[in-house]
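The values are calculated or read from the model by the stated rules, or taken from the named source; none is laboratory data. Since this is a predicted model, take the numbers as computed values, not measurements. Here the Cβ positions follow ideal geometry from the backbone for every residue, glycine too, while neighbour counts run over all protein chains shown. For the accessible areas, the whole protein counts, side chains as well, though only heavy atoms, and no ligand, DNA or RNA atoms are used. Shrake-Rupley method; radii C 1.70, N 1.55, O 1.52, S 1.80 Å.
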Amino acid sequence: VDVEPYGKEHATKGGSYDTGAEFVDKVFEAKAPTPLPYDTVNMVGDTKKMSSSLGNLVTPGQALEIMPPEILRFFILRSLPKRVVYFDPGLGLYNLVDEYAKLEAAVDGGLHPEFEQAYRVAAATGEQKVISSVPFNHLVSVYQTAQGDVAVVKTVLERGGYHDQVAQEWPVIERELAFVARWLTTYAPDSVKFEVQAELPHVALSDEQRQFVTTLAETIATESDLNGQGMHDAIYAASLSANLKPAQAFTTLYQLILGQDKGPKAGFFLSSLDRPWLLERLQSAAASF
């Protein structure tokens, strides 16, 4: 054994490593392994290490249900061993997955970014990509928009400007969707969850809101090729023409489509929806209540 990793409690002066090193030297007349003490892995916001008795525990097996092993290895390897590592299985997963994807793209492009070595060790077991170039938060949004139907996810991504990614990376995207699905049912916070309502929610619209919805529906009907940015611009233009604050316009759309006050980025979200369905929903809302 050349290197021995162990918890920091064993690294105290006179502790188990020091005792073991004496035995190796005096009894076996050998050289003790190079010590590699490491600190604990804590849940984010928790001052105590993960413990089954305390109930603040995410096991490696549970972590591997929401991310590939390469990313879990990267999470550990990017930190110095002597530092406490804070694990966030909720929104922190957004940043972790996207950080890995950006790092992978940089290394593949011949660059030498920070944490390159951690990435190379974490990904050393295979040549296959484990994360697509579609942002994780967008996959989360599209998966829910498609109500978990993988075939619909593919269509929505293509319609939303990710045609090249679907053509080149679909097997990777499809594998990643399984992690998205499990994350949504286990650790995802309510702030990122939504469900497209099959029936038009009852929303009492003001005159300004009704005018906004009517104008937006007219724009969508005449400009069928609106992408995410185009839809975003159309929402702003419709809100201005109706003397409605943009924040109120976004809230109106979320209420009419999701039945809640908040949701994903409105422009890209609306552009990912089936266009005839979206048009019918807006027109129905403008004519109702």
**OP:** Using only the alpha carbons, work out the radius of gyration and Dmax of the chain in angstrom.
**Re:** 25.3, 89
Subject >> C-alpha long axis of helix 228-241 to longest principal axis of the chain, angle in ° >> reply: 50
**OP:** Multiply the residue gap between Ser224 and Thr19 by 0.36 nm, knock off their C-alpha separation, and tell me the result in nm, one decimal place.
**Re:** 66.4 nm
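Just order 255-268, 192-205 by mean Cβ neighbour count inside 10 Å, highest at the front, would you? Could the numbers behind the result be given before it?
Values: 255-268: 18.6, 192-205: 13.6.
Taking the mean over residues of other Cβ atoms within 10 Å, the ranking is 255-268, 192-205.
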Original post:
How large, in percent, is the carbon and sulfur part of the accessible surface of the chain at a probe radius of 1.4 Å?
Top reply: 54
Subject >> Principal-axis tilt of helix 163-186 within the chain, Cα atoms, nearest 10 degrees >> reply: 70
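Can you tell me what percent of all Cα-Cα pairs in the stretch 1-99 are more than 17 Å apart?
Values: 2959 of 4851 pairs.
Taking all Cα-Cα pairs of the stretch 1-99, the fraction more than 17 Å apart is 61 percent.
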**OP:** Report, in degrees rounded to the nearest 10, the 0 to 90 angle that the Cα long axis of helix 136-145 makes with the longest principal axis of the chain.
**Re:** 40
**OP:** Subtracting the Cα-Cα distance from 0.36 nm times the residue separation, let me have the gained length for Glu195 to Leu36 in nm, one decimal.
**Re:** 52.5 nm
**OP:** Would you check the accessible area of Val3, probe 1.4 Å, heavy atoms only, in square angstrom rounded to 10?
**Re:** 80
Original post:
From the cross-link list Lys49/Lys82; Lys193/Lys265; Lys31/Lys82; Lys245/Lys265, which pairs have alpha carbons spaced over 18 Å apart?
Top reply: Lys31/Lys82
Original post:
Rounded to the nearest 500 deg cm²/dmol, what is the calculated helix-only ellipticity per residue at 222 nm for the chain, with -39500 (n - 2.57) per DSSP H run of length n ≥ 4?
Top reply: -16500 deg cm²/dmol
Subject >> Per residue, in Å², the accessible surface of the stretch 221-270 once ligands and nucleic acids are set aside, probe 1.4 Å >> reply: 50
**OP:** Compute the separation of the alpha-carbon centres of the stretch 140-205 and the stretch 234-248 and state it in Å as a whole number.
**Re:** 26
**OP:** Sort the following peptides by mean Cβ neighbour count (other Cβ atoms within 10 Å, averaged over residues), highest first: 52-64, 122-134.
**Re:** 122-134, 52-64
**OP:** For the stretch 37-56 and the stretch 61-117, write down the distance between their C-alpha centroids in whole Å.
**Re:** 19
Subject >> Taking the stretch 119-263 and dividing mean pair separation by its residue count, relative contact order in percent (alpha carbons under 8 Å, at least six apart) >> reply: 23
**OP:** Roll a 1.4 Å probe over the protein heavy atoms and report the accessible area of Arg73 in Å², nearest 10.
**Re:** 80
Subject >> Surface per residue (accessible, 1.4 Å probe) for the stretch 136-202, Å² >> reply: 50
